[in-house]
Amino acid sequence: MGTPLVRLLLLLPLVSSLAVAAPPSVQKRMGRRAETQALVEQVIDGALPVPTAISRLRILREEPYAAQQLSRGISQAVEPRRLRDLVAVLAGLETRAAEPLLSQLAGHEDSAVRMYAAQGLGRLGSKRVDVLLPLLQDKSYGVRREVARALGASRDPRVGKTLVTQARTEEDPQTRVLLLEAVGAAGDKKQAKALEAFLDDSSESTRFAAARGLCLLGAPEGFTFAKKLLASEDRFVRRQGLGLYEGLPVKQTGPTLRPLLEDKDRSLAAGAARILAQGGDKTMVSWLVLASWNANGEEKLTYEKELETLQLADDERKAILRAAGVAK
C-alpha cells in the first residue's frame with residue numbers, strides 16, 4: 001500500500017469530492033496539486049530520474065508546493081543516493097520557496113548535497129552570500145564550481161574581492177575560470193585592474209575568463225581583448241571573441257556586432273544577431289527569421305540554431321513573415 005500509485009488512488013475520492021463544489025479555477029489548481037503530489041511521491045520513492053522529475057514538476061507550475069512536499073522526503077531520506085536525487089530535484093525547481101532549505105543543505109556533510117544546494121541557490125540568484133562564501137574553501141571541486149557560479153549570480157559586488165583572491169590560489173583550472181567570470185557577473189568594477197593581471201596568464205582559458213569578467217564589468221580592456229579575437233583569421237578564435245559579448249546590453253555590443261551581420265561567416269553573423277536580440281535589439285529577431293526564410297541547407301540550420309536559443313514562438317515567427325510580405 002506504500003507505492004505512489006496506491007497513495008494517489010487513496011487521495012482521489014477526497015480530491016474529487018472537494019473539487020465538485022469548487023469554482024473551475026480552484027478545481028484546476030487542486031488537480032495540478034494532486035498531480036504534483038503524486039509526482040513528488042514517485043521522486044521520494046526513487047521511481048523517476050531527476051531530469052524527468054524536474055521537467056514534469058515544472059510543467060505543472062506548482063513549484064512552491066512541490067518544494068514543500070519534497071522537504072518532507074529530504075528530512076526522512078536515509079540512503080545517500082536518494083537524498084542527493086531529492087536535493088537535485090529541489091534545486092531544479094528554481095523556486096524561492098526552496099531557498100531556506102537549500103541554504104541549510106549547503107552545510108550538509110555530503111559533498112554532492114552541498115553541490116546541488118549551491119547550484120539551486122545560484123539558479124535563484126540567491127543573496128545568501130553568507131552561506132556561499134565559506135564554501136569557496138570546500139574540498140570538492142564540484143562544490144567550489146557551483147559556489148563560484150552562485151556568487152556571480154548573486155549580483156552582489158561585495159563578493160568581488162574575495163572571488164579574485166580565491167582565483168589567485170585556486171588549483172582547479174575550471175573553478176578558476178568560473179571565479180573570474182563571477183567577478184564580472186557580481187559587478188564589482190573596482191576589481192577591473194585585478195582581472196587585467198590575468199590577461200597575461202599562461203593558461204588560455206584563464207585569459208579568456210578574465211576578459212569575459214572585464215566585459216561583464218564594461219571595462220575597455222575586456223572589449224579590446226574581444227576585438228583582437230574577432231580580427232583573427234581563425235574561425236574558432238573569432239567565435240571565442242563573439243562569446244565574450246554574451247549577455248551584454250546592446251548599448252555595449254552594438255557598435256562591434258552589427259557590422260558582423262554582413263560577415264561571410266554566416267555562423268558568426270547569426271550568433272551576433274542573437275546576442276544583439278538578447279541584449280535588447282528586437283529587430284534582430286526579425287533579421288534571423290527572414291535570414292532563415294531566405295537560406296537553404298546548412299546555412300538555414302545556422303539561423304535556426306540561434307532562433308531555437310531565443311525560443312521564438314511559431315505565431316511570432318508567422319507574424320514576422322506576414323509583416324515582411326513573404327508568407328500568408
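What follows draws every value from the coordinates through simple rules; no lab data is involved. Treat the numbers as computed from the prediction; the structure is a model and nothing was measured. We place every Cβ from the backbone using ideal geometry, glycine too, and count neighbours over all the protein chains shown.
For segment 194-294, which GluC sites (Glu not before Pro) are both in a DSSP coil and crowded by at most 14 other Cβ atoms within 10 Å?
Numbers: sites: GLU196, GLU204, GLU221, GLU233, GLU246, GLU262; in loops: GLU233, GLU246.
Sparse-neighbourhood loop GluC sites (Glu not before Pro): GLU233.
What are the ³J(HN,Hα) values, in whole Hz, obtained from phi via the Karplus relation 6.51 cos²θ - 1.76 cosθ + 1.60 with θ = phi - 60°, for each residue of segment 91-98 in sequence order, with x given for Gly and Pro?
Per-residue couplings from phi come out as 5, x, 6, 6, 10, 4, 4, 8 Hz.
About its Cα centre, what dipole magnitude does the chain give when the only charges are +1 on Lys and Arg Cβ and -1 on Asp and Glu Cβ, stated in debye to the nearest 20?
Details: 48 positive and 40 negative charges, 160 e Å.
So the magnitude is around 780 debye.
Among ARG168, ARG145, ARG212, which one moves the most in a GNM of the chain with springs linking Cα atoms closer than 10 Å?
Comparing ARG168, ARG145, ARG212 in a Gaussian network model of the chain, the most mobile one is ARG168.
How big is the dipole moment of segment 102-233 about its Cα centre under a simple scheme where the beta carbon of each Lys and Arg is +1, that of each Asp and Glu is -1, and everything else is neutral? Debye, nearest 20, please. Don't jump to the answer; show the numbers that get you there.
On the way: 20 positive and 17 negative charges, 95 e Å.
With only Lys, Arg, Asp and Glu charged at Cβ, the dipole is about 460 debye.
With no solvent and one point on each alpha carbon, what is the Debye value of log10 I(q)/I(0) for the chain at q = 0.12 Å⁻¹?
Debye output, listed in q order: -0.99.
Go ahead and set up a Gaussian network model of the chain, Cα springs under 10 Å, then flag whichever of LEU312, LEU105, LEU48 fluctuates most.
Top of the fluctuation ranking is LEU312.
Along its three principal axes, how long is segment 249-328 when you only count alpha carbons? Whole Å, largest extent first please.
The principal-axis extents, from largest down, are 36, 25, 21 Å.
Could you let me know the centre-to-centre spacing of segment 188-209 and segment 269-328, using Cα atoms, in angstrom?
Spelled out, the Cα-based centre of one part sits 35 Å from the other.
Evaluate the relative contact order of segment 200-328 (contact order divided by residue number), counting alpha-carbon pairs under 8 angstrom at least 6 apart; express in whole percent. Display every interim value, and only then the final one.
Working: 134 pairs, mean separation 18.2, N = 129.
The normalised contact order for segment 200-328 reaches 14 percent.
Given H placed on each backbone N at 1.01 Å, which residues far from SER140 in sequence or on other chains put an amide H within less than 5 Å of it?
Hits under the 5 Å cutoff: none.
Show me, for segment 286-294, the HN-Hα J-couplings you get by feeding each phi into the Karplus relation (A = 6.51, B = -1.76, C = 1.60, θ = phi - 60°), rounded to Hz, glycine and proline as x.
With coefficients 6.51, -1.76 and 1.60, one gets 4, 4, 5, 4, 5, 5, 5, 4, 8 Hz.
Tell me which of LEU321, SER232, LEU39 sits at the most positive position along the dipole axis of the chain, charges placed on C-beta atoms (Lys, Arg +1; Asp, Glu -1).
Of the candidates, LEU321 comes out farthest on the positive side.
How would you rank 237-244, 23-30, 273-280, highest first, on the average number of other Cβ atoms within 10 Å across their residues? Working shown, then result.
Values: 237-244: 19.4, 23-30: 11.9, 273-280: 21.8.
The packing order, highest mean first, is 273-280, 237-244, 23-30.
Please identify the trypsin sites (Lys or Arg not before Pro) of segment 44-86 that satisfy two criteria: DSSP loop assignment and at most 15 other Cβ atoms within 10 Å. Which are they? All intermediate terms of the calculation are to be shown ahead of the outcome.
Values: sites: ARG56, ARG58, ARG61, ARG72, ARG81, ARG82, ARG84; in loops: ARG61.
When the trypsin sites (Lys or Arg not before Pro) of segment 44-86 are filtered for loop state and at most 15 Cβ neighbours within 10 Å, ARG61 remain.
Please tell me the relative contact order of the chain in percent, rounded to the nearest whole number, where contacts are Cα pairs under 8 Å and at least six residues apart. Working shown, then result.
Details: 451 pairs, mean separation 22.7, N = 328.
Once normalised by length, the contact order is 7 percent.
Could you sort out which of LYS161/LYS228; LYS190/LYS300; LYS139/LYS193; LYS251/LYS328; LYS190/LYS305 sit more than 32 Å apart by Cα distance in this structure? Please list the in-between numbers first.
Details: LYS161/LYS228 28 Å; LYS190/LYS300 44 Å; LYS139/LYS193 29 Å; LYS251/LYS328 35 Å; LYS190/LYS305 37 Å.
Long pairs (Cα-Cα over 32 Å): LYS190/LYS300; LYS251/LYS328; LYS190/LYS305.
Taking θ as phi - 60°, what are the ³J(HN,Hα) couplings along segment 312-328 by the Karplus curve (6.51, -1.76, 1.60), each to the nearest whole Hz, with x for Gly and Pro?
Here the 3J(HN,Hα) series is 6, 6, 4, 5, 5, 4, 4, 5, 5, 5, 5, 5, 7, x, 10, 8, 8 Hz.
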